[in-house]
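What follows is a set of notes on a single structure, which appears directly below.
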Amino acid sequence: MALEKVITYDYEVRGVFKHIQERQKTTIMEDGNELSSSYHRNSFAPNADISGESDELKGMASALWSDEVKAAWAEKQAADNPPVEE
């Protein structure tokens with residue numbers, strides 16, 4: 001009767017600005033049979049600090065987040081959050 005914790009990831013790319021959604025599945029296995037599982041989700045925008053993330057996520061971000069995508073996202077953020085005048 002051996003228990004094993006298995007963590008897997010899958011990804012989705014969403015929208016014009018190429019947000020990356022990451023889903024982590026944690027599965028508890030006993031002798032090859034799944035006893036339970038749970039999920040945790042993260043979402044990453046083109047301006048996200050991904051330095052501490054997996055190489056797989058970094059590779060996806062590098063391929064998807066061109067300078068044009070990053071600039072368009074920064075413009076949208078600036079338009080949605082104008083500076084407050086005092």
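Scan the stretch 73-86 residue by residue and report those that are touching a Phe, Trp or Tyr at 6+ places or on another chain (Cβ under 9 Å) and surrounded by fewer than 10 Cβ atoms within 10 Å (Cβ to Cβ).
Listed by number, the list is empty, since nothing qualifies.
Limited to the stretch 36-72, what total is found for residues that are surrounded by 11 or more Cβ atoms within 10 Å (Cβ to Cβ) and of a type in the set (S, T, N, Q)?
Looking only at that region, the number is 6.
Looking only at the stretch 14-24, count every residue that is surrounded by 10 or more Cβ atoms within 10 Å (Cβ to Cβ), among the hydrophobic types (A, V, I, L, M, F, W, C) and more than 16 Å from Glu53 (Cα to Cα) and tell me the total.
Final tally of qualifying residues: 1.
Filter the stretch 7-56 down to the residues that are over 19 Å from the mean Cα position of the chain (by Cα) and of a type in the set (A, V, I, L, M) and list them by number.
Ile28, Met29, Leu35
Out of Ser66, Ser36, Ser51, I need the residue that is without any contact (Cβ under 8 Å) to a residue 40 or more places away in the chain, touching a strand residue (DSSP E or B) at 6+ places or on another chain (Cβ under 8 Å) and of a type outside the set (Asp, Glu). Which one?
Ser36
Here, each number is a calculation from the coordinates, and none is a lab measurement. Note that the coordinates shown come from a computational prediction; the quantities given were computed from them, not determined experimentally. Neighbour counts run over all protein chains shown; Cβ positions are idealised from the backbone, glycine included.
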